[in-house]
Amino acid sequence: MVALKCAVLLFTILGVCNSASISIDSAKLECNLPQTVIDEIAGYANVTNTILDYFIRGPFKGETWKRISDFVDKFGSRISGSQNLEDSIDYVIAKAIEEELENIHTHNVEVPYWQRGDESVTLLEPRIKAMPMLGLGGSIGTKPEGITAQAVVVESFDELKSLSIDEISGKIVVYNQPFNSYGESSQYRLTGAIEAAKLGAVGSLISSVTNFSIATPHTGIVFYEDDIPKIPAAAITPEDADLLWRLNKRGQNIQINIKMDATSEQKISRNIIADLKGTDLRDSLVVVSGHIDSWDVGDGSMDDAGGSFISLLAPIVLKKLDLRPRRTIRTILFTGEEQGMIGAEAYELDNREENKNLSFVMESDFGTFAPLGLNYEGSSIGKCMLAEILKLFSSINSTEFGTGDAGPDISVWTSLGIPGAGLYNANGKYFWFHHTEGDTLNVLEPDVLDAAGGFWTAVAYIVANMENDIPRE
Ligand SMILES: [Zn+2]
């Protein structure tokens, strides 16, 4: 089951997945919606502008950034299983109570608590160089003196598999994989240790999964398989991975020492749930979500305090504006996303009877840069309805469909045919900061957050208030 889970996760976890992308170009989208539906959606122009104005020019201007800054400055990073994450969850619950949201509660989830401890990667031959590194989340540690071994550098799994066990056994495999897409490159982080260990390697290093680097290592989860030896796994910088690749090409003897004090135990964490109850269709749910946990580096402002806060603020702002939609808007801030969408999977499993009531699911976890529209997964009629809704956002240039998937956490529902959307945003720099010390508040901009929050809130309101549900597949 672990292998199967890994295979599924490869394409969905923690980032942009190309496999589920929508191929219909919105400009070429052929729609045949009843005029009544088109007219109904056009009728939301005024309320859309009211919500956007409130965020962008009105009393809430700058407030999204301010609330995120209060949060990340108080708690910093929030790795799953940590007391700090649980304290930050209590803080969000207190804010939701202060704002008089409804049905506020948490849902217990067992998560791993992985701690990195002291760690280092040192090039010993052909010259001494301390290499900036981050152990991969979930990695086992080493003995105190670390492991020292010869390194073999490959650029792909195919290249690794072309080598014999004799060439790999007892060595450290270094993956210098290219970055063509996150989905492709992150496979080396997720399963690189498994593939290297199958050939007898004693350690696994990857080039950090990013499309840009100024010598920054990026962490993220690594998986093991039960019947394959677990070996320590870490990320080095793309610059150092290139250096090792050049040395290897020249046939030079490369000796590396890896030291990691990593430990892991199981803990209880919590998903956060808060509602703005609907009126006549209150059993029907529109979910807005993000994940409250982060990695243990940076402060997780981008991944995913930004997404969490626009989803938390959607029902809060609607309440302030006295805009209570027909359906219930439910904010869910998932825990344990970075460890493999553990909170979302547990929520779906423990609340399965609720699936029939899910009208639409939204998640923001690919950045809260300038909003451009939606990444949509669902029926083509639903896409036509959303295309009409997006026309209402021409004033902020948020009218397009992106080609990414809707989101990793909500894939527990979109995979069942329940329609969902993620925030399509100008996130070209997302992977520059992703899972690094650089994921701090400096990545976020107040005006941009205002637009993203306004867009997110207005879309949630319209979908929750419309006469018809977005049809399922
Ligand atoms: Zn994330």
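Quick one: of Lys161/Lys198; Lys320/Lys391; Lys129/Lys259; Lys319/Lys356; Lys129/Lys161, which pairs are farther than 20 Å apart, Cα to Cα?
Lys320/Lys391; Lys319/Lys356; Lys129/Lys161
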Round to the nearest 0.05 the FRET efficiency obtained for Lys66 and Phe212 when R0 = 25 Å and r is the Cβ-Cβ distance.
0.30
Pairwise label distance in nanometres, Lys143 with Thr279, each label 7 Å out on the Cα-Cβ vector:
7.1
Which length gain, in nm to one decimal place, applies between Gln266 and Asn397 when the Cα-Cα distance is subtracted from 0.36 nm times their residue separation?
42.7 nm
3J(HN,Hα) from dihedral phi, the range 464-473, Karplus parametrisation 6.51/-1.76/1.60, rounded to Hz, x for glycine, proline:
7, 10, 5, 4, 10, 5, 5, x, 6, 4
Nearest-ten-degree value, helix 2-12 long axis tilted from longest Cα axis of the chain:
60
Using amide H atoms built in the peptide plane, which far-off residues or other-chain residues are under 5 Å from Leu372 H to H?
Tyr424, Asn425, Ala426
Order 122-132, 107-117, 383-393 from most to least packed using the mean count of other Cβ atoms within 10 Å.
383-393, 107-117, 122-132
Picking from Leu358, Met302, Ile168, whose Cα lies most toward the positive end of the charge dipole for the chain (charges on Cβ: Lys, Arg +1; Asp, Glu -1)?
Ile168
extent check for the range 321-418: Cα max minus min per principal axis, descending, whole Å, gives 40, 31, 30
Accessible area of the range 282-380 divided out per residue, in Å², using a probe of 1.4 angstrom
22
For the range 87-163: accessible area per residue (Å², 1.4 Å)
48
Over all pairs of different Cα atoms in the range 152-278, the reciprocal of the mean inverse distance gives a Kirkwood radius in Å of 15.9
Scalar couplings 3J(HN,Hα) for the range 193-210 by Karplus 6.51 cos²θ - 1.76 cosθ + 1.60 (θ = phi - 60°), nearest whole Hz, x for Gly and Pro, are 5, 5, 5, 5, 5, 4, 9, x, 5, 9, x, 9, 10, 10, 5, 4, 7, 7
Net charge near Pro132, counting Lys/Arg +1 and Asp/Glu -1 over other residues with Cβ under 12 Å of its Cβ?
-3
With 0.36 nm assigned to each residue of separation and the Cα-Cα distance removed, Glu98 to Ile165 gains 18.0 nm
Dividing the convex hull volume of the Cα atoms of the chain by its residue count, what figure in Å³ per residue is obtained?
135
The range 407-473: radius of gyration and largest Cα-Cα distance (Dmax), Å:
15.3, 46
If amide H atoms are built 1.01 Å from N in the plane of the peptide, which residues on other chains or at least 5 residues away come under 5 Å of the amide H of Ile206?
Tyr175, Ala234, Ala235, Ile236
Non-local amide H neighbours of Val361 (under 5 Å, H modeled in plane, Pro and chain starts lacking H): which ones?
Val287, Gly420, Ala421
Per DSSP H run of n ≥ 4, the term is -39500 (n - 2.57); total these for the chain, divide by its residue number, and report the mean residue ellipticity at 222 nm rounded to 500 deg cm²/dmol.
-10000 deg cm²/dmol
Return P(r) of the range 260-300 (all Cα-Cα pairs; 5 Å bins starting at 0; whole %; ordered from short to long distances).
5, 13, 15, 17, 16, 10, 10, 7, 4, 2, 1, 0
In whole Hz, with x marking every Gly and Pro, tabulate ³J(HN,Hα) for the range 314-326 from phi via Karplus 6.51 cos²θ - 1.76 cosθ + 1.60, θ = phi - 60°.
4, x, 5, 5, 4, 5, 4, 8, 6, 10, 9, x, 5
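Apply the Kirkwood formula to the range 43-197: the hydrodynamic radius equals the inverse of the mean of 1/r over all pairs of different alpha-carbon atoms; give it in Å with one decimal. Let's see the in-between values first.
Numbers: mean 1/r = 0.0479 Å⁻¹.
After inverting the pairwise mean of 1/r, the radius is 20.9 Å.
The values are calculated or read from the model by the stated rules, or taken from the named source; none is laboratory data. Please read these numbers as outputs of a predicted model, since none were measured by experiment. Please note: Cβ atoms are built from the backbone with ideal geometry, for glycine as well, and neighbour counts cover all protein chains shown. The accessibility values were calculated without ligands, DNA or RNA, using every heavy atom of the protein model including side chains. Shrake-Rupley method; radii C 1.70, N 1.55, O 1.52, S 1.80 Å.
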